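Below: the structure, in structure tokens.
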Amino acid sequence: MAEIDENLAQREAIDVDRSKGDFKYEESYAFDAGVGLSASVVDYISKVKDEEPWIREFRQKSLKIFEGLPMPTHWATTDLDNIKFDKIRYYLAKGQKAVRTWEEVPDDVKKTFERLGIPESERKFLAGVEAQFDSEAVYSRMKEELEKLGVIFCGPTDGLRDHPEIFRKWFGKVIPAGDNKFAALNSAVFSGGSFIYIPKGVKVAQPLQAYFRINAENFGQFERTLIIADEGSEVTYMEGCTAPKFETATLHSAVVELVALKGAKIQYITVQNWSANVFNLVTKRGVAEEGAEVRWIDCNIGSRLTMKYPGVVLRGKGARGEVLSIALANDGQHQDTGAKMIHAADDTTSNIIAKSISVGSGRSTYRGLVHIPKTLKNCRNNTECDALLINEHSRTDTYPAISVRGQKNSVQHEASVSKVSAEQIFYMMQRGLSEGEAMSLAVNGFVNDLVKEFPMEYSVELKRLIELQMEGSVG
Amino acid sequence: MNVVASAPIGVLDVALHSAETNQFRAQDWFAVLRQQGWHTFQSLPMPTRDDEKWRFSDARSLSLDGYAPAPEPTETLAAALIARSHFVARPASLIVHVDGHCVLRPALSPELTAQGVCFETLTDALRHHPALLQEHLLKHAAGLGGAKFLALHQAWLRAGYVLFVPKGVEIRQPFVSVNWTSTDGAAVFPHALIIAGENAVVSIQDYHLGATADARALAISACDIHTGTGAKVSRLAVQGWGSRTQSFQVDNTCGGRDALITSVNAAVGSRRARLENTVRIDGPGADVRLYGISVATGEQEFDQRTLQIHTAGQAKSDLLFKNALLGKARTIFSGLIKVAPDAQRTDAYQTNRNLLLSPDAEADSLPGLEIEANDVKCSHGATTGQVDENELFYLRARGIPLEVAQELLAQGFLEEVIAKVEDEEGAEALRGMLSAKFHQV
């Protein structure tokens with residue numbers, strides 16, 4: 001009887017997931033943590049991963065923190081109430097992947113891949129068609145080259161097991177488990193993600209792409225990433241891709257910690273395009289030591305609700321933090337994004353540029369925090385957020401918080417909301433463009449100076465993606 | 001464990017409140033209004049620091065203990081304070097309160113009376129114009145976090161004035177109201193109700209002052225402005241309570257069709273002062289301008305919360321709040337522009353500029369936008385910084401001492417808002433109070 005109930009519960013959970021993505025699960029009970037969250041689920045994950053006792057304790061402690069913390073309902077959207085924590089599958093082991101055939105992929109998704117110019121082999125992976133795209137080879141080639149430089153590029157389990165002397169010191173230190181409810185959740189059940197160490201003075205020329213590595217193993221929805229750039233080193237890390245990625249799991253809660261030691265530079269590029277059934281609640285924070293630079297380039301196009309505020313703690317003299325953010329909210333979507341800059345040393349500078357576009361009934365929100373305490377001097381922040389509203393019932397909100405004390409510190413914040421001017425559209429239509437083409441050209445112009453900051457192939461794809469999103473938005 | 005809680009006294013004393021409310025038995029609805037205020041006050045919790053609407057405020061130190069309604073002032077004191085109330089040489093009319101008691105009843109010229117203008121104490125207006133008051137008195141909730149304080153204001157409502165200017169009447173001379181606190185620990189609840197009829201033109205100046213520089217009091221004031229089509233209202237409100245006073249001010253303004261409203265809120269006094277200003281723009285063509293200005297010194301906390309709600313399209317609102325900070329002072333500006341889905345062609349702007357003149361001062365800024373219509377022009381800007389080095393150098397190169405140069409530049413910074421006060425005497429009074437703050441430090 002109990003077994004039947006369990007099966008039923010499981011099927012329900014899968015059904016919830018399947019509503020958007022048309023995924024099927026291979027029925028396999030070999031490594032199954034089941035549905036819902038409890039101390040035994042956390043123990044189970046830790047056991048499967050063969051983790052050391054301190055990690056297990058860390059997970060258990062985080063679970064308690066998660067249970068003790070309230071949902072952030074006094075400022076956040078009430079849509080969060082729709083997350084049913086007891087209906088979620090917290091761990092998918094090997095052999096329990098989502099599969100479907102290419103024929104089952106919806107036509108509009110296929111069309112999107114074509115329009116974006118995604119290579120044939122990648123399309124199948126992105127659409128969730130199992131084991132068609134061989135990324136293993138690409139990943140091992142990349143790994144070999146990096147190893148020559150002394151770069152470590154692995155998952156959290158390997159990282160904490162094989163290199164505790166490097167990763168343990170910083171793991172959970174930039175974002176402690178108690179930082180917020182979703183960071184605590186991630187700390188309890190994390191699996192998958194990237195642990196990266198760049199040795200002193202090493203400048204990695206090519207961007208490290210999570211895409212290849214994560215595809216080679218099982219990608220977890222509770223991704224945990226820790227990047228440590230040692231003194232004077234430089235690295236660019238890219239996650240996500242412009243193509244829509246159909247996801248089985250409705251809740252994604254990643255924790256990303258960046259550590260830029262003296263004089264190091266980290267650039268972290270995200271393109272988030274989850275399917276529109278996903279709650280994407282992510283905590284991202286970097287620490288910049290003396291003269292170091294942490295730069296987040298963040299682009300949010302997909303998901304039902306994204307809440308993500310990449311931050312930089314400017315801990316060393318002369319450190320620099322930057323967040324460049326693009327958000328596009330279409331019908332039914334809420335992009336609640338922003339940035340945090342915590343100045344904690346003299347002569348630190350930070351820059352935030354956020355641009356959002358709301359289409360149809362989409363809603364985009366900017367939330368920001370700039371903090372300069374009284375002991376500091378010569379700190380500077382510049383914040384600009386611009387919002388573009390396309391349709392009559394599109395919505396945008398801006399909620400920055402700025403707190404300044406101390407000597408010779410200065411902060412400037414500006415935000416503007418506008419629509420595409422009728423003159424611009426008229427001008428372009430006079431030259432033979434359709435209204436839709438004119439609109440997407442104007443929107444691309446609006447984000448152009450940020451799109452330029454992305455690596456070449458991303459920026460081309462991003463432009464096409466924006467064109468695609470703008471289709472049918474006018475007229 | 002026998003813990004004996006001390007019985008609430010002063011403004012928290014239920015018997016005292018009932019006794020005063022009983023005096024209004026003749027105006028039954030008003031007694032009910034006060035009683036409702038009392039119940040609402042009891043049912044609401046004190047704000048805490050976790051409350052988003054009190055973010056950055058020092059909510060922990062909020063306390064309503066130890067304040068009580070004060071007795072009527074002596075005639076000598078009243079006369080002395082009336083003598084200090086002439087900020088405008090020839091006002092349309094002047095009303096003076098001391099510790100919540102009216103000591104100078106306003107007189108109106110025969111022409112104004114003939115035109116149907118009403119400028120009376122709240123208690124007189126209760127008897128003379130009950131219908132007008134029932135329609136307009138405290139019709140808006142405090143939506144910015146001060147609901148408990150506004151409820152206490154409603155519970156103790158008695159002092160204040162009603163200014164009604166009928167359709168088409170234009171009055172150029174400003175009306176002036178001065179509220180003083182004198183008794184130590186006095187609790188005052190000044191109310192201002194301004195109703196401007198169709199195409200009426202009126203200007204009012206409100207001064208809230210302490211009889212002594214360090215007067216200790218609790219002041220919870222409220223002001224409601226109602227405007228008819230095409231009305232023009234301009235208001236200057238100066239918060240200059242004594243330096244040990246806690247002040248809460250809840251203002252509500254309704255901008256009717258084609259109305260033009262200008263309000264300048266200045267803050268110089270109190271230990272902590274919170275201003276909540278809500279503007280509802282519900283008529284197309286309305287133009288509402290909100291200005292704020294302060295010089296915060298010592299350990300003062302000025303907490304400014306504003307909300308511009310656009311429910312009608314083709315209207316305009318513009319906000320500029322400027323703060324100069326010295327000592328360990330703190331200012332919080334939290335502003336929100338809300339544009340409703342159908343309020344197309346709205347122009348709404350919001351600017352907060354803070355000038356830090358001391359390394360220990362703190363300026364917090366929370367400028368917000370919530371826009372649900374697409375054909376709008378909305379923007380906000382917030383800056384916090386120091387006096388410009390080049391400007392300072394320029395002045396010093398001409399032999400002006402550092403302190404003087406800093407003050408000159410700070411006054412230049414503030415002048416932009418002072419210039420918005422239409423009445424020259426009012427502007428001069430304000431200029432004097434602001435500049436005096438630079439010399440107290």
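The values are calculated or read from the model by the stated rules, or taken from the named source; none is laboratory data. A quick note: this is a predicted structure, and the numbers were derived from the prediction, not measured. Virtual Cβ from ideal backbone geometry, glycine too; neighbours counted across all protein chains shown.
Structure notes:
- Residue in the range B:243-260 that is among the hydroxyl-bearing types (Ser, Thr, Tyr), without any contact (Cβ under 8 Å) to a residue 60 or more places away in the chain and assigned to a strand (DSSP E or B) present: yes
- Flag if residue B:25 is away from chain A (no Cβ under 14 Å) and closer than 30 Å to residue B:366 by Cα: no
- Applying the criterion of being free of Cβ contacts under 8 Å to residues at least 40 places away in the same chain and of a type in the set (Asp, Glu) to the residues of the range B:41-63, the residue that is farthest from the other protein chains (Cβ to nearest Cβ) is B:50.
- Test: residue in the range B:198-205 that is among the polar types (S, T, N, Q) and over 29 Å from residue B:229 (Cα atoms): no
- Flag if residue A:359 is at the interface with chain B (Cβ under 7 Å from one of its Cβ atoms) and crowded, with 18+ Cβ neighbours inside 10 Å: no
- For the range B:384-410, residues that are surrounded by fewer than 17 Cβ atoms within 10 Å (Cβ to Cβ) and polar (S, T, N, Q) total 1.
- Of all residues making up the range A:301-315, the number that are over 15 Å from residue A:358 (Cβ atoms) and of a type in the set (Val, Ile, Thr): 2
- Residues satisfying the stated conditions in the range B:331-381, i.e. outside any strand (DSSP E or B), within 21 Å of residue B:57 (Cβ to Cβ) and facing chain A (nearest Cβ under 7 Å): B:360, B:361
Table: residues versus (1) at pLDDT 90 or above; (2) at positive phi; (3) surrounded by 14 or more Cβ atoms within 10 Å (Cβ to Cβ); (4) of a type in the set (Ser, Thr, Tyr).
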position	(1), (2), (3), (4)
A:16	no, no, yes, no
A:32	no, no, yes, no
A:44	no, no, yes, yes
A:48	no, no, yes, no
A:51	yes, no, yes, no
A:56	yes, no, yes, no
A:89	no, no, yes, no
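- Residue pairs meeting the criteria (Cβ under 6 Å; at least 6 apart or on separate chains; first surrounded by 14 or more Cβ atoms within 10 Å (Cβ to Cβ), in the range B:411-439; second part of a helix (DSSP H, G or I) and acidic (Asp, Glu)): B:438/B:407
- First in the range A:40-66 and within 17 Å of residue A:177 (Cβ to Cβ), second anywhere and modelled with pLDDT of 90 or more and outside any helix (DSSP H, G or I), Cβ under 7 Å, 6 or more apart: A:58/A:172
- All helices (runs of 4 or more DSSP H) inside the range B:1-94 with 3 or more residues being charged (D, E, K, R): none
- Against the list (1) away from chain A (no Cβ under 14 Å); (2) surrounded by fewer than 16 Cβ atoms within 10 Å (Cβ to Cβ); (3) without any contact (Cβ under 8 Å) to a residue 60 or more places away in the chain, the condition residue B:66 fails is (3).
- Cβ-Cβ distances below 8 Å connect the following pairs, each with a first residue in the range A:377-395 that is closer than 30 Å to residue B:356 by Cα, a second residue that is assigned to a strand (DSSP E or B) and among the basic types (Lys, Arg), and a separation of six or more residues or different chains: A:385/A:355; A:386/A:355; A:387/A:355.
- Of residues in the range A:382-410 being more than 27 Å from the chain's Cα centre (by Cα) and crowded, with 20+ Cβ neighbours inside 10 Å, the one nearest to residue B:375 (Cα to Cα): A:404
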